[in-house]
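Here is the structure we will look at.
No lab work stands behind these numbers, since they all come straight from the coordinates. Since this is a predicted model, take the numbers as computed values, not measurements. Note that each Cβ is placed from the backbone with ideal geometry, even for glycine, and that neighbours are counted across all protein chains shown.
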Amino acid sequence: MQRTDARATGIGASVPRKEDDRYLRGKGEFIADIRLPGMQELAFVRSPVAHARLRGVRKPAGAENAVFTAADLVGVGPIVANSRLPGFKPSEQPVLASGKLRYVGEPVAVCVAPDRASAEDIAAEVELDIEELPAVSDMLAARGAGAPLVHEHWGDNVFLETVVDADLEAIKRTAAVTVTRHLRTARQCMSPIEGRGVVAQWDRRLEQLLVYSAAQMPHIVRTGLAGCLGLDHGRIRVVAPDIGGGFGYKGILLVEEVCAAFLARHLGHPVRWIEDRREQLTANANCREHDYEITAYADAMGRLLALDAEVTVDAGAYSAYPFSACLEAAQVASILPGPYRFDAYRCRTWSAATNKPPILPYRGVARAGVCFAMETMIDAVASAIGKEPLDVRLLNLVPPEAMPFNNITGKHFDSGDYPECLRRAAAAIDLAGVRRRQADARPEDERIGVGFAIFCEQAAHGTSVYSGWGIPMVPGFEQAVARLTPDGGLELRVGIQSHGQGLETTLAQVAHELLGIAIERIMVVHGDTAVTPYSTGTWGSRCMVMAGGAVATACRELGQRLARIGAHLLQTTPDQVVVRDGVVIGPRGSVSIDDIGRTWYLRPQDLPDDVSPGGLEVTSGYKAVRDSGTFSYAAHAAVVAVDVALGAVRILDYVVVEDGGVLVNPMIVDGQVVGGTAQGIGTALYEEMPYDGAGQPLASTLADYILPGATEVPDVRITHMETPSPYTTFGQKGIGEGGAIGPPAAIANAVNDALRPLGAEIGDLPITPRRLLAALAKVGVMPPP
Amino acid sequence: MKPAPFDYARPTDIAEAAAILAEGGADARVMAGGQSLGPMLNLRLAHPRVVVDITHIPDLGGVDDTADAVLLGAAVTHAAVEDGRVPDVGDRVLSTIAAGIAYRAVRNRGTVAGSLCHADPAADWVTALTALDACVITYRARGGRMIPIDIFNRGPFTTALEPGELVVAVRIPKLSRAARWGWYKVCRKPGEFSDAIGAVLIDPERNVRRAVVSATGGRPLLLRDDDASADAADRALASASNRFDAIDRQVHRVALRRAFAAARV
């Protein structure tokens, strides 16, 4: 892609974000800003225990009409998200629990009142008659014999077991290096600044539910609601207004959404539910919880021969719609080999059911855990043979001359130079300098360490990939509408939802690149099922490739129609004109797109009789040349200081070298990388939702659930490479998640590098002071008194 | 996460506030900055019948700077101490500690006396003012009291205050010029509650040697004179609490060791 000058606003320009004007002035409209006449508020009565029989619900005297239980939700079906993979055991997530309670926070009843405080007052008076059952809150215990059963009729607690098999016997006998690790990542709570929320209204004129939801995939919410409520799609309109961050948290259908939608119609007045922080932390879906028993085999040089893994994912009590309980484990099995080349791979996975909230994919999905596991093993191999981990990585990475490359699980790496990316990270972090500093005298309690992670990030993958993973929602084509307005402005209508990604800007940049219309005059309409084409929404780092591709296709077609009309006005033929810089240019003059718009809409008498009546509104679609996805990739490098007396970790330096193909807006990409890295630091060092043996969540406020803040996130130093994808419209690749993938691996490797002289190693995330001190105690290193 | 209903009283003098508190008994709660009580109300962990807002009582906003002590009124905020808008007791000890409490937004509203009354075992003032040997001055209809902090603080979230008794000021002794002090707070990130705090005050001219370890889950552990050492603290922690394992002891011992180092001991 040709770069244009500094004033350019097309592809490759760091255009300030169009949407920031309203965000920075506090003029956005988020879910909690929406007030409808007659609107009342909902508060949920939630299960206080992790596992119980629910024998009854007693509504408070005098408030019977303000409290709704499962029996009151006539015609409402459960949320079902079945994997199509063989052996999957389906769950039915009730909209309000009846018969059984399966996790703390599960909604049992909903209370309606003019304000939230009054609704909570009523909720506090609702009495539950429950018979508590033994709970299972640990995924390995859940798989064990005799564990309490989350769904009795299953006979065990496994949603799905998968096997990638291989005969490793010969390698096991001959490998010079065999290293085994047990690794674990914590259950996390995705924590966008804005939580979930829904406002629902029944439109009597249209006989249609209008559901505003803090959601990142409004069309999927609509499909899910239609299923649960037994309504035609045409009877439901879902609008996602301004959204304060999603990260996957806003990518599932909530029982609260179903309740609100039902009640708006049933009661005849609007209702709203705004999730509070306690509900976000203790009652709604979690993410990330993996357990790895993993062995790597290598030759004496450190060349990987085989990987053998048993991986359990704690999927919680129900399969959440639309990603199911099994996407996480299916992804683990297919991407664990990372960016490396080796010959034999075995992986068994279990998606375990526990008495905890459902799991859902968080930014990076399984990759943050997978990258941590794989990169830990690379360092373990290096340690076993006494080699610099960087060199072992370089030895095993897929080389650039092998691109495009089909890896051992059939992933098709589209393009790139992985070793060069890692070398640049090593240079930027000054690996040699850190090694020298490690030898220098330090304060007695301080150790320095350096760690690396390199990974590739499959993004914008399409039909065949998701169909293969068996999830209920399979993305297909992506459409966009490009509509010229009578004054020559452009409206783009897309089915995705922009909730921080800056898509109101980047999609306008794509349109500007093709038509030359000023980006101030390009409006991106998104997040409304009534006015946008069907789409699975914003997830999987897919929007710039898929929606960007669709906008490009629609704009090209619009450009052809503009050319035909422009040619008539210029008294020439369409093959003699070009559309550029907002103008149709012919051999002897030009006409602006503004004039063409005015002519089409307002002065049709000036058009030829044989003009196509199709108009200046185009709906067109995009599907990548191949739907195996783009593979952006990145190397992360971290230098940490470990306080071995207190177990504290401080990040001294952090480097990211990232290749996202052609960058549409480098400034926005930098923001994505930094934001993701902050979340990855949370995974590495801070974020954890612990559960006790009875299944009680132990972090109910942000004083207990620690998120990284400004003081914990270093200045992330970013370098870009730009290897175009051969398969996308402009060579762009999906890059939204990568920042969150690398930090757990890079930081854990850095901490373990610091601990190596002491003989200690950490294998559990997050690396809390307690875990770090326990690891030191385990090897008999009593920290200095 | 909205409070249950409660009455709100905004008295303008101390006697009136005390009368409302006496009448309300256990169902009445004082609110100054509201930085602890506010969240507890929202989480419905506290269910007072009446909340008595004392920030409109002019007498409680004042300070007194005497020859040997500073008196801070009960409505003086952490931020006022941090900014030096009230007198310090010497060597910037109060302003330094204030600056490390939670976040500025909390410090703008939260009060020194409120923190003592809330009596969170991990709180900065509970620890620091124990080391500094401060007293609270109270008002009761039948006569106020002056209560040393280590008596006032009866344990986690428990104080010696009686129904109808209101803290009106905190009296903090001044340091001599030769005094040395050390403070080390262990927490996961700035602004969070501490996992351990060590505080040390050595003031030979006043014949004071005090060390405090806190965030133990119980009252701050106060060690005086010859007992004011990291080793003595470790022994005391080992015997005092079965809540503590080797890692907890390690963290608290290191906090105190580093506080001693900061005090150049």
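Please rank A:R278, A:R493, B:R49, fewest neighbouring Cβ atoms within 10 Å first, as an exposure proxy.
Ordered from fewest to most neighbouring Cβ atoms within 10 Å, A:R278, A:R493, B:R49 come out as B:R49, A:R278, A:R493.
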>> Give me a comma-separated list of calculated 3J(HN,Hα) values for segment B:99-112, in order, Karplus coefficients 6.51, -1.76, 1.60 applied at θ = phi - 60°, integers in Hz, x for any Gly or Pro.
In response: 5, x, 7, 6, 10, 4, 4, 5, 5, 5, 10, x, 10, 4
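Over segment A:527-683, what is the mean sequence separation of C-alpha contacts under 8 Å (at least six apart), divided by residue count, expressed as relative contact order in percent?
Working: 138 pairs, mean separation 26.4, N = 157.
Answer for segment A:527-683 is 17 percent.
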>> For Cα pairs less than 8 Å apart in space and 6+ apart in sequence, what is the mean separation divided by the residue count of segment B:37-130, i.e. the relative contact order in percent?
In response: 21
> Quick one: if the Förster radius is 30 Å, what FRET efficiency do A:T711 and A:K27 give, using the C-beta to C-beta distance and rounding to 0.05?
Replying inline: 0.55
> How far is the Cα center of segment A:575-631 from the Cα center of segment A:434-493, in Å?
Replying inline: 34
>> Residue by residue through A:641-651, how many Cβ atoms from other chains fall within 10 Å of the Cβ on average?
In response: 3
> So how do A:638-651, A:692-705 stack up, highest first, on mean other-Cβ count within 10 Å?
Replying inline: A:638-651, A:692-705
> At a Förster distance of 25 Å, what's the computed FRET efficiency of A:M523 paired with A:D575, Cβ-Cβ distance as r, to 0.05?
Replying inline: 0.20
>> Roughly how far apart, in whole Å, are the Cα centres of segment B:99-161 and segment A:244-311?
In response: 42
> Mean residue ellipticity at 222 nm from the helices of chain B, using -39,500 (n - 2.57) per DSSP H segment of n ≥ 4 over the full residue count, to the nearest 500 deg cm²/dmol?
Replying inline: -8500 deg cm²/dmol
>> Students often get this wrong: which residues of segment A:515-548 have the backbone nitrogen under 19 Å from the point 7 angstrom along Cα-to-C-beta of A:T463?
In response: A:533-537, A:542-543, A:545-548
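If R0 is 25 Å, what FRET efficiency do you get for A:L607 and A:E557 from their C-beta distance, rounded to 0.05? Walk me through the numbers on the way to the answer.
Values: r = 18 Å, r/R0 = 0.74.
With a Förster radius of 25 Å, E is 0.85.
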>> With 10 angstrom as the radius, rank A:H269, A:H219, A:H568 by how many other C-beta atoms surround their C-beta, starting from the fewest.
In response: A:H269, A:H568, A:H219
> In nanometres, what is the gap between the two model label sites at B:R85 and B:A4, each 7 Å from Cα along Cα-to-Cβ?
Replying inline: 3.5
> Per-residue ellipticity at 222 nm for chain A, helices alone: DSSP H runs ≥ 4 residues times -39500 (n - 2.57), over residue total, nearest 500 deg cm²/dmol?
Replying inline: -8500 deg cm²/dmol
> Under the Karplus relation 6.51 cos²θ - 1.76 cosθ + 1.60, θ = phi - 60°, what is the ordered set of whole-Hz ³J(HN,Hα) values for segment A:11-25, x standing for Gly and Pro?
Replying inline: 5, x, 9, 7, 6, x, 6, 4, 6, 5, 4, 6, 5, 6, 8
> Given Cα pairs under 8 Å that are at least 6 residues apart, what percent is the relative contact order of chain B?
Replying inline: 16
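Is any helix in chain A, taking whole DSSP H runs, at least 15 angstrom long along its axis by alpha carbon and on average at least -0.5 on the Kyte-Doolittle scale, and which ones? Before the final figure, lay out the partial values.
On the way: long enough: A:218-229 (16 Å, 0.82); A:255-267 (17 Å, 0.92); A:367-385 (27 Å, 1.16); A:418-429 (17 Å, 0.22); A:503-515 (17 Å, 0.61); A:543-569 (37 Å, 0.66); A:666-681 (22 Å, 0.68); A:738-755 (27 Å, 0.72).
Membrane-span-like by this rule: A:218-229, A:255-267, A:367-385, A:418-429, A:503-515, A:543-569, A:666-681, A:738-755.
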>> Let me confirm one metric for peptide B:245-255, namely the mean number of other chain beta-carbon atoms within 10 Å of its residues' beta-carbons.
In response: 5
>> Quick check: pseudo-label points 7 Å beyond the Cα along Cα→Cβ at A:A427 and B:D27, how many nm apart are they?
In response: 7.5
> Once the piece of chain linking A:E152 and A:L140 is laid out straight, how much longer is it, given 0.36 nm per residue of separation minus the C-alpha distance between them?
Replying inline: 2.5 nm
>> Using a 7 Å offset from the Cα along the Cα-to-Cβ direction at both A:R58 and A:R588, what is the distance between the two label points in nm, to one decimal?
In response: 9.4
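Classify chain A from the C-alpha gyration tensor, please: rounded if a/c falls under 1.5, else prolate or oblate depending on whether a/b exceeds b/c. Intermediate values should be presented prior to the final figure.
Values: a/c = 1.91, a/b = 1.15, b/c = 1.66.
Cα axes put chain A in the oblate bin.
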> Can you sort A:I741, A:I706 by how many other beta carbons sit within 10 Å, fewest first?
Replying inline: A:I706, A:I741
